[in-house]
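Please read the structure below before turning to the comments.
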Amino acid sequence: MPLRIATLLLLAAVAGAEGWPFGGGQGPFSARDLWNLGLVGAKASDADKPPPANTPPSGRRQVRLEPGVGNEGPERLRIELLYPGGPAEKAGLQTGDVVVGAGSKRFKEGSLEQLAKALLKAEASPKGELTLLVERGGKGKAEKVVVTLPPGGREAGKPTEGKGRRALLDGALKWLADRQQEDGGYVETLSGKNGAVVQAALAGLAWLGAGSDLESGPYSANVRLAAAWVGKNVRDLDGEIPGREPGGPSWNQSNWGVAHAAIFLGELHARTPDRQVLDDLTWCAQRLVDTQEKSGGWAHGPGGKNALGYLELNIVTGLALSGLGCAKRNGFAVPEDTLQRAEAYLEASSGGGGVGYSDQPGQKGSGNIGRTAGCWLGYQALGLGKAKFAKSMESFAKREAGNVLGGHASLMQHVLLAGVAAPALGSAARKDFWESCEPSFVLARAPDGSFQPRPWHETIGMGSNSDVSFGEVWTTAAWAIVLASEKTKDGVVGYPVWTGE
């Protein structure tokens, strides 16, 4: 999500007394962009660089891309935070310790993939023991530290399949339910109420895809609360977020909340029809029609260019089309002119089927999987999957399904959209997605069932990570939706409206 300074609230309150998960400072900009070490229950920085500073309060930053931050990562991990009472703390690891290997072997060509494999092997073993090589006190000699993980059985070795996948999904769903507030929403973090609408909608989608709805399933009460909260609060976003000030930038980012709300409410009403849900969905759809820019694309929200000087961005265009498609599947008549202008704009901004950032100079023709997957999903939901441009996007998305880590802005936005699209694109795309994303997925896990964000090439260059600023609900819900994106025999029903089934 984009940064909005005035509503970056309560990050310190989210952090625990011991600093978990993001640093535990005394202000809203205390979050730190750290590597999560999976079920070990620790977060770390690159020991060969100074510790990362707190998230800066400005959205205007110089981007310096860091090469080679995919599944490689640092070769020496300096522990910065410990999950209270977690496996790392119980094993005697301390902040300042430097992890230089896993499974009795030093890291070679980065730590992430090797550590992820060692974690899966240890969790699937009878004793759950993971051996880490640790340097202490500034000494170069490494000693062995055995961390005992909760044994997950043989299925834990395959976390993207069968029982292993379902167990991780169930843990994330429970974590989301435990943190849902009594009114159905979540604590406001990035973008204030707008961001909270996104989080509640995504949590609702996670429960929905896993088999709960308004009437049945273990999280039906949570779904009802989320739907009521989203429907009520999505209508207030323009009042919460002012538009363009005279001569100044627009801080209105309401299209994010409206689009995510429409996707959630559209899937929900198709599953369990409800008059209030349909009324709220119809409002969201009409709002998306009304906020389409003259160019045919969508911006963060209405009101003109933002503080960074640009208007449209196609990650929002994809979400808006997805929201409109989910509404259309429930009877909303999307104006033909809206679709024609959107397609002309997307084609002008794209190259070879890959959806570019926008149609502006320097921003078009450079497609990536997140934007393309989002727009392709929108076309699928709209029933336009056989259109010529949809087929071009489909071909690009199939080729690039494994290139999630090469995106821009929010890594989790690309994980979410590519992860939902991949199984709908076919078994080859699904395989490519998970081969690329499994190390990040394994390392994102925390002992409490949540999923944590990670640094990547852009956030290291900027010194700030919007996924960190948005918080644990965002990353946990996004990974849960990816896990729930395929219909399986264990009760997962997926997202047939969004994917156009």
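The values are calculated or read from the model by the stated rules, or taken from the named source; none is laboratory data. Predicted model, so just to flag it, every value in this text is computed and none were measured. Every residue, glycine as well, gets a Cβ built from its backbone with ideal geometry; the counts of neighbours run over all protein chains shown. Please note that ligands, DNA and RNA were not included when accessible areas were found on the heavy atoms of the full protein model with its side chains. Shrake-Rupley method; radii C 1.70, N 1.55, O 1.52, S 1.80 Å.
Below is a table of values for the structure above.
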{"read-out": "Accessible surface, the range 63-184, averaged per residue in Å² (probe 1.4 Å)", "value": "52 Å²"}
{"read-out": "Nearest-10 value in Å² for the accessible area of THR488, using the 1.4 Å probe", "value": "60 Å²"}
{"read-out": "Cα-based convex hull, the range 274-389, per residue volume (Å³, whole number)", "value": "101 Å³"}
{"read-out": "Förster-model FRET efficiency, 35 Å R0, GLU215 and GLU155, C-beta, rounded to 0.05", "value": "0.70"}
{"read-out": "Range of Cα positions in the range 350-501 per principal axis (Å), largest first", "value": "46, 45, 23"}
{"read-out": "Degrees between helix 254-271 axis and first principal axis of the chain (Cα, 0 to 90, nearest 10)", "value": "90 degrees"}
{"read-out": "Estimated FRET transfer efficiency when R0 is 45 angstrom, pair ALA142-LYS431 (beta carbons, to 0.05)", "value": "0.80"}
{"read-out": "Relative contact order computed over the chain (Cα-Cα under 8 Å; 6+ residues apart), in percent", "value": "18 percent"}
{"read-out": "Extended-chain gain in nm, criterion 0.36 nm per residue less alpha-carbon gap, LYS117 and LYS489", "value": "131.2 nm"}
{"read-out": "Vicinal HN-Hα couplings computed from phi for the range 116-125 (Karplus, 6.51 cos²θ - 1.76 cosθ + 1.60; Hz; Gly/Pro x)", "value": "4, 5, 5, 5, 5, 5, 5, 5, 7, 7"}
{"read-out": "Acute angle (nearest 10 degrees) that the helix 369-381 long axis makes with the longest principal axis of the chain, alpha-carbon atoms", "value": "40 degrees"}
{"read-out": "Rounded to the nearest 10 Å², the accessible area of THR282 at probe 1.4 Å", "value": "60 Å²"}
{"read-out": "Packing-based order for 418-424, 362-368, using average beta carbon neighbours within 10 Å, highest first", "value": "418-424, 362-368"}
{"read-out": "0 to 90° range, to nearest 10: angle between helix 336-349 axis and the chain longest Cα axis", "value": "50 degrees"}
{"read-out": "Heavy-atom SASA rank of MET412, MET462 (probe 1.4 Å, accessible area, largest first)", "value": "MET462, MET412"}
{"read-out": "Percent accessible area from carbon and sulfur atoms, the chain, protein chains only, probe 1.4 Å", "value": "51 percent"}
{"read-out": "Net charge dipole size for the range 261-408 [Lys, Arg +1 and Asp, Glu -1 on Cβ; Debye, nearest 20]", "value": "320 debye"}
{"read-out": "Dipole magnitude (debye, nearest 20) for the range 429-501, charges at Cβ of Lys, Arg, Asp, Glu", "value": "120 debye"}
{"read-out": "Overall dimensions of the range 431-472 as given by Cα atoms, namely Rg and Dmax in Å", "value": "11.7, 32"}
{"read-out": "Rounded to whole Hz, the Karplus (6.51, -1.76, 1.60) HN-Hα couplings of the range 83-100, x for glycine and proline", "value": "5, x, x, x, x, 5, 5, 5, 7, x, 5, 10, 4, x, 4, 10, 7, 10"}
{"read-out": "Selection from ALA226, GLY304, SER349 lying farthest towards where the dipole of the chain points positive, charges on Cβ", "value": "SER349"}
{"read-out": "Pairwise label distance in nanometres, SER395 with ASP48, each label 7 Å out on the Cα-Cβ vector", "value": "4.1 nm"}
{"read-out": "Backbone HN-Hα couplings from phi across the range 453-460 [Karplus 6.51/-1.76/1.60, Hz, Gly and Pro as x]", "value": "x, 9, x, 8, 4, 7, 5, 5"}
{"read-out": "Loop-located trypsin sites (Lys or Arg not before Pro) in the range 243-294, at most 14 other Cβ atoms within 10 Å (DSSP)", "value": "LYS294"}
{"read-out": "For the range 171-245, the Rg and Dmax computed from alpha carbons only, in angstrom", "value": "12.9, 46"}
{"read-out": "Extended-chain gain in nm, criterion 0.36 nm per residue less alpha-carbon gap, ASP236 and LYS90", "value": "47.9 nm"}
